[in-house]
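Input: a single structure, listed below in structure tokens.
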Amino acid sequence: MGAVGVVAHAAAVQPHRVTSMFAVYAESTSTDEPLSGLVVGERPEPEAPDDWVSVQVRACSINHHDYWSLQGVGLSDDRLPMILGCDAAGTTEDGSEVVVHAVISDPSWSGDETLDPRRSLLSERWQGTFAERVRVPARNVVPKPEGMSFEQAACLPTAWLTAYRMLFTQAGLRPGDSVLVQGAGGGVATAVIVLARAAGLRVFATSRDEKKRARAEEIGAHEAFETGARLPQRVDAVMETVGAATWSHSIKSLRPGGTLVLAGATSGFTPEQGELNRIFFLQLRVHGSTMGTREELRALADFLALTGSAPLIDRTLPMEQAREGLVAIAEGDVFGKIVLTR
Ligand SMILES: NC(=O)c1ccc[n+]([C@@H]2O[C@H](COP(=O)([O-])OP(=O)(O)OC[C@H]3O[C@@H](n4cnc5c(N)ncnc54)[C@H](OP(=O)(O)O)[C@@H]3O)[C@@H](O)[C@H]2O)c1
């Protein structure tokens, strides 16, 4: 099924138009100096299969993924130059206002797109969203939620969708349950805090930074603690995106039978203590999670509309200043999402 799909994909790819457009892209990658390969300039209109749609990007948002790409994580040299960016909100050629779903699955795939072994995220195989236009399969656009700005909508496809799936699909949390969110300042973490509070959960958060702890309480955490601090109670679930630095604390904070959902490891992949004994003795569940499905993206939009919640934006910059936003992400100088506009 998949192999046939891939051949069909490749055969249908035609250069769309030989025009150039504004784009922010990786010309090269570097582990030590990721930003040295970043170019703010012009790229040709992206090539894509004929039946894909073109979206005029009105806003996009930065994810840690874009920084990983500049480091060469998930982006090999043969795919360069590559326009960065997973997230976008904009308009299609018929004027519809849309949000772009960044998980590109094989045309023959049905069901949960995140489980397609051939799936990629925008800017891994297909050109990304930090540009005037992005091309995606027609099924990868969903209506922009009414009343939501393009800037807010551009936060949904990666960080907010990931947070939604972590909480409600993977951990299966319900009103009254308790959750710990590690690394309160991140795009995913702030989304988890807002969504969890809106869903009636008891929310604890940690951050290394006192100001971020205060902000975490303002946006919905019942209590925020220093990284590694003992919590007032063991929790039903932990939402983990920090990785090595908080892994041990995450495991120790769970009640017997609790669930750790792991969606990232900003601080590294190798925790000092794996806590394997606790994982089996306390019958903990460790659940990996990546992005979310189109249906979850629609459900997230509905959830936000029904609860009156909205994506939390740290700052909005013109797309030309993408470098400034990426530096902030690299330095952890962020609370919420950094949005780029055209
Ligand atoms: N699986 C997926 O589909 C998916 C989707 C989105 C993101 N991700 C991944 O999830 C991670 C989070 O991404 P993000 O964009 O939300 O945020 P991020 O910019 O990577 O930051 C996350 C938070 O990590 C904390 N942190 C970083 N280094 C730390 C350290 N050494 N010790 C303790 N805390 C540390 C910081 O919290 P404080 O400063 O508050 O302490 C920071 O706010 C990334 O690794 C990203 O690649 C995965």
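The values are calculated or read from the model by the stated rules, or taken from the named source; none is laboratory data. Every value quoted in this text rests on a predicted model; they were computed, and no experiment measured them. Backbone-built Cβ (ideal geometry, glycine too); neighbour counts: all protein chains shown. SASA here: full protein model, heavy atoms, side chains in, ligands and nucleic acids out. Shrake-Rupley method; radii C 1.70, N 1.55, O 1.52, S 1.80 Å.
Applying both filters, DSSP loop and at most 14 other Cβ atoms within 10 Å, to the GluC sites (Glu not before Pro) of the range 245-327 gives 272. Between the helical axis of 187-198 and the longest alpha-carbon principal axis of the chain there is an angle of about 60 degrees. Helix 2-12 and the longest principal axis of the C-alpha atoms of the chain enclose an angle of approximately 40°.
Accessible surface for the chain, divided over its residues, is 43 Å² per residue with a 1.4 Å probe.
Its Cα centre serving as origin, the range 163-211 has a Cβ charge dipole (Lys and Arg +1, Asp and Glu -1) of approximately 80 debye. Taking GluC sites (Glu not before Pro) across the range 136-225, the ones in a DSSP loop with at most 14 further Cβ atoms lying within 10 angstrom of their Cβ are 146. Positive-end ranking of 191, 249, 237 along the dipole of the range 155-273, with charges on Cβ about the Cα centre, is headed by 237. Each Lys and Arg Cβ is given +1 and each Asp and Glu Cβ -1; about its Cα centre, the chain then shows a dipole of about 1000 debye.
For the chain, modelled as a GNM whose springs connect Cα atoms under 10 angstrom apart, the maximal fluctuation among 116, 78, 302 occurs at 78. In percent, rounded to a whole number, the relative contact order of the range 171-233 is 32, using alpha-carbon pairs under 8 Å and six or more apart. For the peptides 43-50, 183-190, 167-174, residues were scored by their other Cβ atoms within 10 Å and the scores averaged per peptide; the highest-first order is 183-190, 167-174, 43-50. The heavy atoms of residue 342 offer some 120 square angstrom of accessible surface to a 1.4 angstrom probe. Taking only protein heavy atoms and a 1.4 Å probe, the accessible area of the range 54-199 is 45% carbon and sulfur. Remark: the range 158-308 carries a charge dipole of roughly 160 debye about the Cα centre, counting +1 on each Lys and Arg Cβ and -1 on each Asp and Glu Cβ.
Angle of helix 294-307 to the longest C-alpha principal axis of the chain, folded into 0 to 90 degrees and rounded to 10: 60°.
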